[in-house]
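The values are calculated or read from the model by the stated rules, or taken from the named source; none is laboratory data. Predicted model, so just to flag it, every value in this text is computed and none were measured. Cβ placement follows ideal geometry from the backbone for every residue including glycine, while neighbour counts extend to all protein chains displayed. The accessibility values were calculated without ligands, DNA or RNA, using every heavy atom of the protein model including side chains. Shrake-Rupley method; radii C 1.70, N 1.55, O 1.52, S 1.80 Å.
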Amino acid sequence: MTLDHHTAVAEKTIDRDFGPEFAAALSDELEALPLGERILRIATLGRAVFTTSLGLEDQVLTSLIAETEADMRVVTLDTGRLFGETQALIEETRAHYGLDIEVFKPWKEDVDGFVALYGLNGFYDSVEARHACCHARKLRPLGRALENAEIWVTGLRRGQSGNRARSPLAEWDADRSLLKVNPLADQTLSDLQTLASANNVPVNPLHAKGYPSIGCEPCTRAIKPGEPERAGRWWWEQDERRECGLHLSASVSGSRAPARPKTTSPAS
């Protein structure tokens with residue numbers, strides 16, 4: 001399928017109303033396409049934003065966006081508590097692909113509000129406190145990152161956890177009123193490792209140290225043999241379905257962030 005074909009498709013589809021039926025049809029369509037063509041197809045649909053956390057899945061998607069020159073913004077959420085290895089990988093990836101990776105940070109008053117109420121590391125004390133920290137450091141910046149998006153592209157993969165086992169290739173996010181596309185949903189970890197190795201994709205060195213899923217440093221540990229991929233995230237909690245809230249309903253996670261004055265400085 002050529003790029004000219006994708007451009008022609010865009011002229012027909014960019015004004016189409018998205019919704020559950022469109023998402024279901026798109027999911028079936030993407031299933032038949034190789035990964036590169038999936039990215040190009042997504043880019044024809046409208047204003048697409050890919051949110052990367054710099055993990056293996058997201059690095060593979062970044063490489064595909066660069067390779068296909070797809071018209072898609074690439075953004076990341078710098079929570080202020082990322083591993084040094086993740087921070088370094090942002091710059092390495094920018095240089096490697098010549099891509100602009102936009103960084104969204106939490107607002108200082110949101111972080112200060114959390115710390116005043118719970119303490120800097122209060123997220124260890126209760127699920128409520130952990131959700132509040134994720135809300136301030138991740139969900140509100142996500143809301144700003146997606147503010148003008150029509151399509152949200154993610155690195156969700158079914159094999160990451162039981163909670164993600166049914167992730168479709170495309171779905172309608174009714175709370176955020178946008179099309180959410182997970183182009184790697186049906187890929188295996190082994191598939192992506194092979195692809196990354198073959199294409200010289202820069203990856204986080206923590207993966208080789210037992211961290212298949214990497215988030216904030218205080219909330220991530222290496223997994224033990226036989227544990228699920230995301231067992232190292234918020235390991236002190238007992239709920240195996242635990243998530244930060246990025247991929248939950250916005251009505252549950254509160255990820256829609258209202259605009260803030262531009263004079264307000266993000267937390268460092």
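Treating r as the C-beta distance of Asp28 and Glu109 and R0 as 30 Å, the FRET efficiency rounds to 0.10. Between Ala165 and Ala222, the modelled labels are 2.8 nm apart [label points 7 Å from Cα along Cα→Cβ]. Using the Cβ-Cβ distance between Ala174 and Ala198 with R0 set to 41 Å, the FRET efficiency works out to roughly 0.60.
The residues neighbouring Asp100, those whose beta-carbon lies less than 10 Å from its own, together hold a net charge of +1 under the Lys/Arg +1, Asp/Glu -1 convention. Restriction of the trypsin sites (Lys or Arg not before Pro) in segment 150-197 to DSSP coil positions whose beta-carbon has at most 12 other beta-carbons within 10 angstrom yields Arg166. Within a straight-line Cα-Cα reach of under 17 Å, Lys105 can be paired with the following aspartates and glutamates, leaving aside sequence neighbours fewer than 8 residues apart in one chain: Asp78, Glu91, Glu147, Glu217. Model label points for Ala88 and Leu189, set 7 angstrom from Cα along the Cα-to-Cβ axis, are 2.3 nm apart.
For segment 58-164, the fraction of 1.4 Å probe accessible surface lying on carbon and sulfur atoms is 48 percent.
The mean accessible area for residues of segment 44-110, using a 1.4 Å probe and ignoring ligands and nucleic acids, is 38 Å² per residue. Rounded to 0.05, the FRET efficiency of the Leu117 and Ala95 pair, given R0 = 30 Å and the Cβ-Cβ distance, is 0.15.
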